[in-house]
Each structure stands twice: as structure tokens, then as C-alpha cells.
Amino acid sequence: MARPRTFDMDQALDRALDVFWRKGYEGATLVDLTAAMGINPPSLYAAFGNKESLFCKALERYDALRNAFWDEAIRKPTALEVAQSLLNGAAKFMTDPCHPRGCLGVQGALVCGDEARAVRTALETQRAAGQAKVRERLKLAKKERDLPGGSDPAVLARYLTTVIEGMAVQAAAGASRKDLERVADTALRAWPN
């Protein structure tokens, strides 16, 4: 008969997320994960499956955190306000002292080798979904004539997400919120009027 769990699943998953966020998928060892989660390897496997499935569950948790500011930004009334909110929200989120700096989706992808193809694919899917949300919102803005007629919503969405991903790398390297807000302000100067 299986023994009942003696740990809090949500708390353990939050701790695993922290490890993956700081070290990336391949950098996070089972020793790192089980020590942070306060469990032994058999408990990790019984509760979460293997390291890859644990990462995917942690990525879902991360998405919920990140999507809070993304969804708020997407609801802004103008395309410019969407862009401002995304860039400034990213600066705040990526430097928040309550969690690791930078972006799990970017940092995790930077160190994924061929053995972690499924994880890399999950991260690429996550980033593509964020870009698609922005693109769809900007398509609406163009239809409503909130963007100039010659604007390409797909290119603008890629531009914003590329800047945000670069900000993530800078945040992980120690850039301050103020530094990233300056980057956001500079990026917005290229926004179509």
C-alpha cells in the first residue's frame, strides 16, 4: 500500500520552480531539486514523474505568474499602452525580489541541449503563445485604426517579444528595474505613430 504524502505539493512545486528558474532545466540536478523541495527522489518521482514532467508542471506555474501582467497589458485600450504595459511590466517582473531575476522561458531555453528537446519545445511553445497573444491584440488595434495602415502586427509582436527576451537576459545578469525601464523607453521610440 502506498504511503500518504507528507509534503505540500504546491510548496514543493514552487520550490522546484525556483530551482529551475535560477539554474535552467539542465543546470538543475535531482539533488538540487529534492533538497529545495524537502523530499527524497522516490517522492519526487511518485508525485511528479520524472524531471521533465516536473519542469513542465513548474513551467505551468510560471506561466500563471507571468500571464498576470501579460493579460493585464493585452487589455489596455490602445496599442501603444499595450506595448508600454508589456515592456514596463516585464521590467518589474524580471527584477522582482520575490523570485529569481530574468525569465524562466528565456533562461531555460538558453541551456537546453539535444537531450532536453521536449523541454526546449515546451519553452518555445510558451514563448510563441505569448507572441501570438500580442499579435492578435495588435491585429485588432490595426483593424480599429489604432495602428497606422502600413503597420505589421506580426512584426511588431516579434519586436516587443524580442526586446522583452533581451531584457530577460539583462535582468538575469543584474540589470536593475530602472535600467530595464530605460530600455523599454528607448524601444518605444520606434513604435509607429
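The values are calculated or read from the model by the stated rules, or taken from the named source; none is laboratory data. Nothing here was measured: the structure is a model prediction, and the numbers come from that model. Neighbour counts run over all protein chains shown; Cβ positions are idealised from the backbone, glycine included. The area values use the complete protein model at the heavy-atom level, side chains included, leaving out ligands, DNA and RNA. Shrake-Rupley method; radii C 1.70, N 1.55, O 1.52, S 1.80 Å.
Once all protein chains are placed together, Ser53 keeps about 40 Å² accessible to a 1.4 angstrom probe.
Exposure check, 1.4 Å probe, all protein chains in place: Tyr25 carries approximately 30 Å² of accessible surface. Heavy-atom accessible area for Thr78, with the other protein chains in place and a 1.4 Å probe, reaches approximately 40 Å². A 1.4 Å probe run over the chain, with the rest of the protein chains in place, finds 53 Å² accessible per residue.
Taking a ≥ b ≥ c as the square roots of the Cα gyration tensor eigenvalues, region 53-104 comes out oblate, since a/c reaches at least 1.5 and a/b does not exceed b/c. I want to check the label-to-label distance for Asp96 and Thr125. Put each point 7 Å from Cα in the C-beta direction and report it in nm to one decimal. So the two model labels end up 2.4 nm from each other.
The H on the amide N of Gly38, modeled in the peptide plane, is under 5 Å from the matching H of no residue at least 5 residues off or on a different chain.
Given Cβ point charges of +1 (Lys, Arg) and -1 (Asp, Glu) and nothing else, what value in debye, to the nearest 20, does the dipole of region 131-193 about its Cα centre take?
In total the dipole reaches around 180 debye.
When you work out D = kT/(6 pi eta Rh) for the chain at 37 °C and 0.692 mPa s, using the Kirkwood radius from C-alpha pairs as Rh and the Stokes-Einstein form, the result is 184 µm²/s.
Between Arg117 and Glu26, the distance separating the two model label sites (each 7 Å from Cα on the Cα→Cβ line) works out to 1.5 nm.
Pairs exceeding a 18 Å alpha-carbon distance, out of Lys23/Lys51; Lys76/Lys139; Lys76/Lys133; Lys76/Lys143; Lys23/Lys178: Lys23/Lys178. Compared with the dominant principal axis of the Cα atoms in the chain, helix 79-94 is inclined by about 30°.
The base-10 log of I(q)/I(0) for region 115-193, evaluated at q = 0.22, 0.26, 0.28 Å⁻¹, reads -1.04, -1.17, -1.22 [Debye formula, identical scatterers on Cα atoms, solvent excluded]. Placing dummy labels 7 Å off each Cα toward the beta-carbon, the span from Asp10 to Leu65 is 1.5 nm. Extension gain for Leu140 to Tyr45 (0.36 nm times residue separation, less C-alpha to C-alpha distance): 29.7 nm.
Nonpolar atom fraction for the chain, defined as the carbon and sulfur part of the 1.4 Å probe accessible area, stands at 53 percent.
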